[in-house]
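The values are calculated or read from the model by the stated rules, or taken from the named source; none is laboratory data. Values in this document were obtained by computation on a predicted structure and should not be read as measured data. Cβ: placed from backbone, ideal geometry, glycine included. Neighbour counts: every protein chain shown.
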Amino acid sequence: MIKNPTLLKKRLNAKETEKEQKVVILLSAIMFIVGFIVAGFNYRYQWTSMPTIVIIIASVLFVLSYLMYIEVIRENQFLSRTIEVQENQTVIDTGLYGVIRHPMYAATVVLFLSMPFILGSWLAFFIFLVYPLIIAKRIKNEEEVLEKNLEGYKEYQQKVKYKMIPHVW
């Protein structure tokens, strides 16, 4: 907010223009609502329990992924909630972006998959397992837009081969 108010404004803009991304947003919303409702009912009615060590590990993973998310925001001034190419945008290929092409999505996958464990709900975890599939759909469309509209992105894809998991995908 203080260092880069323009970035904050872009992150708060949720008006997606890409049709495919509107589907991604809808699926994400449904997943979150159902997942958190199930976690709440799981807590209320004690359907399942979670060992304390699992909650602790999930909490550590949550904090680490949140720190990674903060680092991504620090590294990439062009971050936006919507899929777009901004005026004067350049490819970021250093830091985390030098290792994987979508470090923010990698951070959110760990962040969101750790939440059901912190909330103590195995059932919610199975619902949240849909999130990586939703993100894969978002990345596919986002990369198509970037390949077409962002100068140097195709070369970046050749340089940084992995989308979210080094040496895997």
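A quick yes/no check of all residues on (1) under 13 Å from the mean Cα position of the chain (by Cα); (2) surrounded by 18 or more Cβ atoms within 10 Å (Cβ to Cβ):
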| site | (1), (2) |
| --- | --- |
| TYR43 | no, no |
| THR48 | no, no |
| ILE55 | no, no |
| PHE62 | yes, yes |
| ILE73 | yes, no |
| THR82 | yes, no |
| ASN88 | no, no |
| VAL99 | no, no |
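State whether one or more residues within the stretch 104-123 are of a type in the set (Gly, Ala, Ser) and surrounded by fewer than 16 Cβ atoms within 10 Å (Cβ to Cβ). No, every residue in the stretch 104-123 fails to be of a type in the set (Gly, Ala, Ser) and surrounded by fewer than 16 Cβ atoms within 10 Å (Cβ to Cβ). Only one entry in PHE78, PHE112, PHE117, PHE125 is part of a loop (DSSP other than H, G, I, E, B) and out of contact with any strand residue (DSSP E or B) (no Cβ under 9 Å at 6 or more places or on another chain), namely PHE78. If only residues of the stretch 23-41 that are more than 15 Å from the chain's Cα centre (by Cα) and among the β-branched types (Val, Ile, Thr) are counted, the one that is surrounded by the most Cβ atoms within 10 Å (Cβ to Cβ) is VAL38. Filtered by the rule that a residue be closer than 16 Å to VAL109 by Cα and touching a residue at least 60 places away in the same chain (Cβ under 8 Å), the stretch 22-31 gives VAL24, LEU27, SER28, MET31.
Scanning the stretch 70-117 for residues that are on the phi > 0 side of the Ramachandran plot and without any contact (Cβ under 8 Å) to a residue 12 or more places away in the chain turns up just one, ASN88. Of all residues in the stretch 134-149, those that are closer than 20 Å to THR108 by Cα have Cβ atoms under 6 Å from Cβ atoms of residues that are among the small types (Gly, Ala, Ser) and assigned to a helix (DSSP H, G or I), 6 or more apart or on another chain, in ILE134/SER28. Kindly indicate whether any position in the stretch 59-74 is part of a helix (DSSP H, G or I), at pLDDT 95 or above and over 25 Å from LYS163 (Cβ atoms). Scanning the stretch 59-74, I find at least one residue that is part of a helix (DSSP H, G or I), at pLDDT 95 or above and over 25 Å from LYS163 (Cβ atoms), so the answer is yes.
Among the residues of the stretch 132-169, those identified as in a loop (DSSP other than H, G, I, E, B) and not aliphatic (A, V, I, L, M) are GLU151, GLY152, LYS161, TYR162, LYS163, PRO166, HIS167, TRP169. Kindly evaluate GLU20 against the criterion of being part of a helix (DSSP H, G or I), at pLDDT below 95 and surrounded by fewer than 17 Cβ atoms within 10 Å (Cβ to Cβ). So GLU20 fits the description; yes.
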